[in-house]
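Novice: Dumping the structure here so I can ask a few things about it.
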Number of protein chains: 2
Amino acid sequence: MPSYTAPIRDMQFLLHEVLNVTAQDVPGYGGLEPDFTGAVLEEAGKIAAEVLAPLNPVGDTEGCHFDNGAVRTPTGFKAAFDQVRGGGWTALDLPEEYGGQDMPYILGTAVGEMFSSANQAFTMYQGLTHGAASAILAHGTEAQKATYLPKMATCDWTGTMNLTEPHCGTDLGLMRTRAEPQGDGSYKVTGQKIFISAGEHDMAENIIHLVLAKIPGGPEGIKGVSLFIVPKFLVNADGSPGARNAVSCGKIERKMGIHGNATCVMNYDGATGWLLGEEHKGMRAMFTMMNEARIGVGMQGLAQAEIGYQNARTYARERLQGRDVTGPKNPDGPADPLIVHPDIRRTLMDQKSFIEGARAFMLWGAELIDRSHRGGDQAAEGLISLLTPVIKGFLTDEGYDMTVRAQQVYGGHGYIEEWGMSQFTRDARIAMIYEGANGVQALDLVGRKLAADGGRHVMAFFEMVKTFLKENEGDEALKADFLDPLKAASKDLQAAGMFFMAEGMKNPHAALAGSYDFMHLFGHVCLGLMWARMAKSAHAALAAGTTEEEFYKAKLATGRFYMARRLPATALHLARIRSGGAPVMALDAEAF
Amino acid sequence: MPSYTAPIRDMQFLLHEVLNVTAQDVPGYGGLEPDFTGAVLEEAGKIAAEVLAPLNPVGDTEGCHFDNGAVRTPTGFKAAFDQVRGGGWTALDLPEEYGGQDMPYILGTAVGEMFSSANQAFTMYQGLTHGAASAILAHGTEAQKATYLPKMATCDWTGTMNLTEPHCGTDLGLMRTRAEPQGDGSYKVTGQKIFISAGEHDMAENIIHLVLAKIPGGPEGIKGVSLFIVPKFLVNADGSPGARNAVSCGKIERKMGIHGNATCVMNYDGATGWLLGEEHKGMRAMFTMMNEARIGVGMQGLAQAEIGYQNARTYARERLQGRDVTGPKNPDGPADPLIVHPDIRRTLMDQKSFIEGARAFMLWGAELIDRSHRGGDQAAEGLISLLTPVIKGFLTDEGYDMTVRAQQVYGGHGYIEEWGMSQFTRDARIAMIYEGANGVQALDLVGRKLAADGGRHVMAFFEMVKTFLKENEGDEALKADFLDPLKAASKDLQAAGMFFMAEGMKNPHAALAGSYDFMHLFGHVCLGLMWARMAKSAHAALAAGTTEEEFYKAKLATGRFYMARRLPATALHLARIRSGGAPVMALDAEAF
């Protein structure tokens, strides 16, 4: 069975030596002393390793069971959820007045990675609740916040988001679910929603559905969509769950992975709901949830890559097969461990260099969110809005590929379910699809975010890279291995941006044909920047005389690998972008 | 449920307009007139579409069942196998004297692609039998051939290959299974083999296991391995199956995919076997099977990509979602079909351009095999030996990625098993692993094949590309879109070869660190060459005034896409190869 060890040292390195959180002017960051974050991460790591990880194969093998509208979660899930609740892990970053611990989002992100590595399907119950709570926090009335948030903070009540219908996923303007006003402030919601994660289950005393629907007579299409709170049990005046609402689960789906999470068809048959936020502004409210969810999904890519890598590394050290081509490394054994073989190292380094770069990217992204939410920093908000599709699309594509690599290290055993590596691949696959398929992320990035606010945010990104390069230009230790490759990659990104600007107005197809490559190009530059920053911190620690020389040297070697072997992908992405729309659009639809 | 249509027009184009089979000096090719191959492909396509494809989800959902040593295949498999046998599809290219139809391998390859697209798990029963029969044909005594081949030609008896043991997969020198000579020409075989596809099932009256084992007292390691024929039922003097042999299936594995094929643990408890080929030369005999199997596995990559693509294309044409950014294409409908969106086209073109290039590569490879086996052409044998790891490794990696892309087109529905796209991904995944994991293919290519016979075969490959470029250098229609990119890609491949020659002797790790990239670089150049050849044929047909203008124009557009968007990957692979061994090998094993 696979095992999991929380990467605490690496997280502490990022928080305190790269991002220097306590030195940042972000409200709440002053309290993030190394001892404190260390203690939190240590405890979270224990829960992840000892409670959640052992349940991961159980969830995969048993799956959820549907019986006459009720959903039974896999053996052990409920007890584990109680333990997670009991430890206060479900609302680290929610406000204290609603039962949260008011910690910065950055710390919740680190903990979230651990939980998600250990058991993605399980962690989704909690993650979706957090997203729904965030939407209520941002858009709810005081009464709504008081009614729902304390229960959702503890996950005594869990949350869902209901967007998709059978005939519409991305294109929500086609939505048919309707909400009829009842004159008393409530609405009757009627329609069918599909792919509702955690839509029904047996681990909470109530489920709070956030449902997109159209109020009759409103504007056509996406502009006529509103968001509603539809609880499974209507809430009594004393706050306790009361009568059953007219919402029910019609079936659960048989899926490629995340078997421990119930993916539900939800039927709303005149269910009572209340408007969340303004009429016809449902998409705005939903995007509070969606943006958070997209970043959380990006993290799932990283998280599955991490647990895959941890196990592949162990297997590569232990499995004896073949000899080092330069001579035996384990002469007394029947063969050398797999890890002596260059191609096994190549694939492990692909994984390791992605994971550590992606973790830095995630935590830096979380810092931007804290700056924006806690500090009201508009520039940070603009930047994270630009980077959200990159985090979601790039980290889930790459994260998935890394789970495939990890599985491959096991050879035939990687394909046998008993060994557990297949689950990481199957679970990671969904992250490329849900919360907006990655092609939609690329469209969002190139079609919307790049030019938002006059292109100010992408300019700020380039400026930041330039400033970093300038500040460190005299640093010979960084130059050839880190600064030069980062500069080249950043130039490729700028050139791609220029191409879109020049072509995009004349021929939008030409820009959009390159959107997916641009998303990956951008992701690589972000990871290149992260590696350059990490290398700088590692050099500083070594220069200062550390007792952990091996840690910092490994960091530098891993970073050099990324810059030498992974970052040059930017040139290929640029070449594809520059080939324009013609090769992509040449065929008639009938000629496919 | 997914559907399948055999790509007959495309296969005929390759056979008759690109490879010009009837004009080739290969024994048996004279009979491959278009009407004949068309009739065979038509019939095979019907079996694939009407018999095998509908059983594919059945096999996936039901799987195989193990009960006390017996294996029950999924509902309908046995009847379908009888139908395939009855149609004479199991021995197209085996000699007539053993019940085959003596057709060239190239035709069997085209048929094999169809069957494998339609139902990979099912087709493996037949494919493994073919491999085992080939080994007996090449290395068996006349008596062995007479005893086994006629039954195996009809798949009344199926075959297996037994290599892997729990502690050794790639490194067969560690093998523990032993074969004790009994003095009567027979051996007692004892040991455990794992991952034996079709090791036990209910669709044949006998199963002929080819088993690698060590004869006590023989050389150490891989040089002491011999190959044995171990039938499930001993064969009576009259050729009928007799007493049960001491071989049994201990369990079947729960796997990520190919659920319809039983992956068995096989226990040999003093089972009676007979040497196939010479003592201690078992690997040579096994490689007859392995090489064939590796090419067959490469074809599985193509085949799963094909069925994934066919269904993704249909979904993209039918699913209405969003509007073309340049204006509605389906103004009377609620939305435009997915296929109007540039990123959907990008991914469909990735798939289409890979598939058509890969099919050309497969059929050209099959021609080389026919040249070698039927014509005794040493140069062809050397070339296909060089290309075998490229076909296996590149086509299965890319084929898998294409199934992931096809699944992605379906959005959330791609993750739901009911829609069938997940199965293509899960089934395709094994092809990267079995018959030598792709890292082992890369090692074989760079560590063995490249320098084999003084590097003569890779030189011949370069010479062939050069000759093609030279012969067509005046062709302006081909130059910019096809010849120039092929030339650049071929230069990258040569530069990588030079790097290995210069570095490989000094530092084998440096060469092997780039082996995986080299395998992909080589694969892209092969597909580039195939596309240049196809483009030449398409131009010729258009110039000659065809009634199928759309077909040839689509061929050119698809080729241009490959050359512009996919082939430039060669530069990235070269850059990675040139970064050498240091970034890959820098970390101590403990630092991972």
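Novice: Take B:Met152 and tell me if it is touching a strand residue (DSSP E or B) at 6+ places or on another chain (Cβ under 9 Å) and either more than 14 Å from every other protein chain (Cβ to nearest Cβ) or not in a strand (DSSP E or B) (or both).
Specialist: Answer is yes for this residue.
Novice: Now for a different question. Considering only region B:105-120, state which residues are of a type outside the set (Val, Ile, Thr) and either part of a helix (DSSP H, G or I) or within 16 Å of B:Phe36 (Cβ to Cβ) (or both). Working first, answer last.
Specialist: At the first step, the residues of region B:105-120 found to be of a type outside the set (Val, Ile, Thr) are B:105, B:107-108, B:110, B:112-120.
Across region B:105-120, the qualifying residues are B:Tyr105, B:Leu107, B:Gly108, B:Ala110, B:Gly112, B:Glu113, B:Met114, B:Phe115, B:Ser116, B:Ser117, B:Ala118, B:Gln120.
Novice: Kindly provide the set of residues from region B:242-263 that are crowded, with 19+ Cβ neighbours inside 10 Å and not in a loop (DSSP other than H, G, I, E, B), ordered by number. Even if it seems obvious, please write down each step before you answer.
Specialist: Initially, region B:242-263 is screened for residues crowded, with 19+ Cβ neighbours inside 10 Å, giving B:245, B:247-249, B:252-253, B:255-263.
Listed by number, the residues that qualify are B:Val247, B:Ser248, B:Cys249, B:Ile252, B:Lys255, B:Thr263.
Novice: Suppose we filter A:Glu381, A:Glu292, A:Glu279 for residues that are touching a residue at least 24 places away in the same chain (Cβ under 8 Å), part of a helix (DSSP H, G or I) and over 20 Å from A:Leu14 (Cα atoms); which single one remains?
Specialist: Answer to the selection: A:Glu292.
Novice: If we scan region B:267-283, do we find a residue that is modelled with pLDDT of 95 or more, over 28 Å from B:Ala80 (Cα atoms), open to solvent by 20 Å² or more (accessible area, probe 1.4 Å) and hydrophobic (A, V, I, L, M, F, W, C)?
Specialist: Yes, region B:267-283 has at least one match.
Novice: Can you say whether B:Glu205 is away from chain A (no Cβ under 14 Å), crowded, with 20+ Cβ neighbours inside 10 Å and either more than 24 Å from B:Ala133 (Cβ to Cβ) or charged (D, E, K, R) (or both), as far as the supplied structure shows?
Specialist: Against the criterion (away from chain A (no Cβ under 14 Å), crowded, with 20+ Cβ neighbours inside 10 Å and either more than 24 Å from B:Ala133 (Cβ to Cβ) or charged (D, E, K, R) (or both)), B:Glu205 does not qualify.
Novice: While we're on this one: In region B:536-552, is there at least one residue being in a loop (DSSP other than H, G, I, E, B), in contact (Cβ under 8 Å) with a residue 40 or more places away in the chain, open to solvent by 40 Å² or more (accessible area, probe 1.4 Å) and within 12 Å of another protein chain (Cβ to nearest Cβ)?
Specialist: Scanning region B:536-552, I find no residue that is in a loop (DSSP other than H, G, I, E, B), in contact (Cβ under 8 Å) with a residue 40 or more places away in the chain, open to solvent by 40 Å² or more (accessible area, probe 1.4 Å) and within 12 Å of another protein chain (Cβ to nearest Cβ), so the answer is no.
Novice: Only one of these is over 30 Å from B:Tyr552 (Cβ atoms), without any contact (Cβ under 8 Å) to a residue 40 or more places away in the chain and open to solvent by 20 Å² or more (accessible area, probe 1.4 Å): B:Glu418, B:Glu463, B:Glu471, B:Glu435. Name it.
Specialist: Only one candidate passes the filter, namely B:Glu418.
Novice: What pairs come out if I take residues in region B:95-108 that are of a type in the set (Val, Ile, Thr) and pair them with residues that are assigned to a loop (DSSP other than H, G, I, E, B) whose C-beta lies under 8 Å away, six or more apart or interchain?
Specialist: From residues that are of a type in the set (Val, Ile, Thr), the pairs are B:Ile106/B:Leu19; B:Ile106/B:Leu32.
Novice: Select, from A:Arg346, A:Arg323, A:Arg405, A:Arg359, the only residue that is of a type in the set (Lys, Arg), surrounded by 23 or more Cβ atoms within 10 Å (Cβ to Cβ) and within 13 Å of chain B (Cβ to nearest Cβ).
Specialist: Result of the check over A:Arg346, A:Arg323, A:Arg405, A:Arg359: A:Arg346.
Novice: Another one. Of all residues being more than 8 Å from every other protein chain (Cβ to nearest Cβ) and under 18 Å from B:Asn438 (Cα atoms) in region A:310-320, which is least open to solvent (accessible area, probe 1.4 Å)? Just the residue, please. Show your work before the answer.
Specialist: Our first condition is that a residue be more than 8 Å from every other protein chain (Cβ to nearest Cβ); within region A:310-320, this holds for A:310-312, A:314-315, A:318-319.
Those still in the list that are under 18 Å from B:Asn438 (Cα atoms) too: A:312, A:315, A:319.
Numbers: A:Ala312: 0, A:Tyr315: 26, A:Arg319: 42 Å².
Out of the qualifying residues, it is A:Ala312.
Novice: Within region B:157-207, can you find the residues that are modelled with pLDDT of 95 or more, within 23 Å of the chain's Cα centre (by Cα), small (Gly, Ala, Ser) and in a loop (DSSP other than H, G, I, E, B)?
Specialist: B:Ala198, B:Gly199
Novice: Can you confirm whether A:Ala379 is open to solvent by 10 Å² or more (accessible area, probe 1.4 Å) and of a type outside the set (D, E, K, R)?
Specialist: yes
Novice: Pick from region B:378-390 the residues that are in contact with a helix residue (DSSP H, G or I) (Cβ under 7 Å, 6 or more places away or on another chain) and over 18 Å from B:Leu19 (Cα atoms): which of them is nearest to the other protein chains (Cβ to nearest Cβ)? Reasoning before the result, please.
Specialist: The initial filter retains those residues of region B:378-390 that are in contact with a helix residue (DSSP H, G or I) (Cβ under 7 Å, 6 or more places away or on another chain), namely B:379-390.
Then keep just the ones that are over 18 Å from B:Leu19 (Cα atoms); that gives B:382, B:385-386, B:388-390.
Values: B:Gly382: 24, B:Ser385: 20, B:Leu386: 19, B:Thr388: 18, B:Pro389: 12, B:Val390: 15 Å.
The selected residue is B:Pro389.
Novice: Same structure again: Tell me the residue from B:Thr37, B:Thr61, B:Thr22 that is outside the structural domain of B:Met203 (by TED's automatic domain parsing) and within 25 Å of B:Met152 (Cα to Cα), please.
Specialist: B:Thr37
Novice: Only one residue in A:Val446, A:Val440, A:Val458 is away from chain B (no Cβ under 14 Å), buried (at least 17 other Cβ atoms within 10 Å of the Cβ), among the β-branched types (Val, Ile, Thr) and touching a residue at least 24 places away in the same chain (Cβ under 8 Å), so which one is that?
Specialist: Just one listed residue meets the conditions, A:Val458.
So that you can scan it fast, the table gives a plain yes or no per residue for (1) out of contact with any Ser or Thr (no Cβ under 8 Å at 6 or more places or on another chain); (2) touching a residue at least 40 places away in the same chain (Cβ under 8 Å); (3) assigned by TED's automatic domain parsing to the domain that holds A:Phe13:
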residue: A:Ala502; (1), (2), (3): yes, no, no
residue: A:Asp517; (1), (2), (3): yes, yes, no
residue: A:Arg566; (1), (2), (3): no, yes, no
residue: A:Ala569; (1), (2), (3): yes, yes, no
residue: A:Ala575; (1), (2), (3): yes, no, no
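Novice: Taking the stated definitions as given, is B:Met161 in the same structural domain as B:Val265 (by TED's automatic domain parsing), touching a Lys or Arg at 6+ places or on another chain (Cβ under 6 Å) and buried (at least 21 other Cβ atoms within 10 Å of the Cβ)?
Specialist: Judged against the criteria, B:Met161 is not a match.
Novice: Sticking with this one: Looking at (1) farther than 30 Å from A:Met585 by Cβ; (2) not in a strand (DSSP E or B), can you tell me which one B:Asn330 breaks?
Specialist: (1)
Novice: Only one residue in B:Ala118, B:Ala146, B:Ala179 is farther than 30 Å from A:Pro337 by Cβ and open to solvent by less than 30 Å² (accessible area, probe 1.4 Å), so which one is that?
Specialist: After ruling out the rest, the residue left standing is B:Ala118.
Novice: Can you confirm whether region B:368-377 contains a residue that is within 14 Å of chain A (Cβ to nearest Cβ) and part of a loop (DSSP other than H, G, I, E, B)?
Specialist: Within region B:368-377, none of the residues are within 14 Å of chain A (Cβ to nearest Cβ) and part of a loop (DSSP other than H, G, I, E, B).
Novice: Still on this structure: Quick one: would you say A:Asp336 is more than 9 Å from chain B (Cβ to nearest Cβ) and either over 23 Å from the mean Cα position of the chain (by Cα) or of a type in the set (Gly, Ala, Ser) (or both)?
Specialist: The answer is yes for A:Asp336.
Novice: Follow-up question, since we're still on this one. Would you pick out the residues in region A:121-143 that are open to solvent by 40 Å² or more (accessible area, probe 1.4 Å) and either at positive phi or free of Cβ contacts under 8 Å to residues at least 60 places away in the same chain (or both)?
Specialist: A:Leu137, A:Thr141, A:Glu142, A:Ala143
Novice: Moving on to the next point. Can you pull out every residue in region B:565-577 that is facing chain A (nearest Cβ under 7 Å) and under 17 Å from B:Glu398 (Cα atoms)?
Specialist: B:Arg565, B:Pro568, B:Ala569, B:Leu572 - these are the residues of region B:565-577 that are facing chain A (nearest Cβ under 7 Å) and under 17 Å from B:Glu398 (Cα atoms).
Novice: Please find, among B:Gly580, B:Gly528, B:Gly559, B:Gly523, the residue that is more than 8 Å from chain A (Cβ to nearest Cβ), assigned to a loop (DSSP other than H, G, I, E, B) and touching a residue at least 12 places away in the same chain (Cβ under 8 Å).
Specialist: Details: B:Gly528 fails: assigned to a loop (DSSP other than H, G, I, E, B); B:Gly559 fails: assigned to a loop (DSSP other than H, G, I, E, B); B:Gly523 fails: assigned to a loop (DSSP other than H, G, I, E, B).
Only one candidate qualifies: B:Gly580.
Novice: Name the residue, out of A:Ala564, A:Ala557, A:Ala571, that is in contact with a helix residue (DSSP H, G or I) (Cβ under 7 Å, 6 or more places away or on another chain) and open to solvent by less than 40 Å² (accessible area, probe 1.4 Å). Show your work before the answer.
Specialist: Numbers: A:Ala557 fails: in contact with a helix residue (DSSP H, G or I) (Cβ under 7 Å, 6 or more places away or on another chain); A:Ala571 fails: open to solvent by less than 40 Å² (accessible area, probe 1.4 Å).
Only one candidate qualifies: A:Ala564.
The values are calculated or read from the model by the stated rules, or taken from the named source; none is laboratory data. Only a predicted model underlies this, so the values are computations on that prediction, with no experimental measurement involved. Cβ: placed from backbone, ideal geometry, glycine included. Neighbour counts: every protein chain shown. Only protein heavy atoms, including side chains, enter the accessible area calculation; ligands, DNA and RNA are left aside. Shrake-Rupley method; radii C 1.70, N 1.55, O 1.52, S 1.80 Å.
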